[in-house]
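Okay, structure first, notes after.
Please treat every number below as a calculation from the coordinates, not as lab data. Just so it is clear, the structure is predicted and the values come from calculations on it, not from any experiment. Every residue, glycine as well, gets a Cβ built from its backbone with ideal geometry; the counts of neighbours run over all protein chains shown.
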Amino acid sequence: MQLTQIQNFAIQARVAAVIGATVFDRVFSGIRFAEIDGPLLYVYARDEASAGEIEDDFSLMIADVASRILRREVDLVIVLPKVLQ
């Protein structure tokens with residue numbers, strides 16, 4: 001299921017509120033929460049470095065935030081660079 005723009009922005013806003021504007025602007029610039037497929041959430045980051053950092057350091061928090069907003073269980077966050085989109 002493709003996420004709506006409102007769902008995408010809601011997840012971005014909640015993540016920004018949790019981690020703070022400075023970290024969000026540095027790491028999450030250009031991010032798009034794109035699709036949910038069962039327990040998987042697909043996310044597109046601006047480049048490979050950002051994708052790796054997001055997946056390593058923030059995937060559990062993103063899964064929790066997305067589960068609350070989407071009202072579906074998100075167990076795994078898969079972050080891909082936009083180049084592979």
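Going by average Cβ density within 10 Å per residue, which order do the peptides 20-29, 48-57 take, highest to lowest?
Ranking the peptides 20-29, 48-57 by packing returns 48-57, 20-29.
With a ≥ b ≥ c the root eigenvalues of the C-alpha gyration tensor of the range 5-84, is it rounded (a/c under 1.5), prolate (a/b larger than b/c) or oblate?
Oblate.
Determine the calculated [θ] at 222 nm for the chain from helices alone, applying -39500 (n - 2.57) to every DSSP H run no shorter than 4 residues and normalising by the residue count; nearest 500 deg cm²/dmol.
Theoretical 222 nm ellipticity from helices: -17500 deg cm²/dmol.
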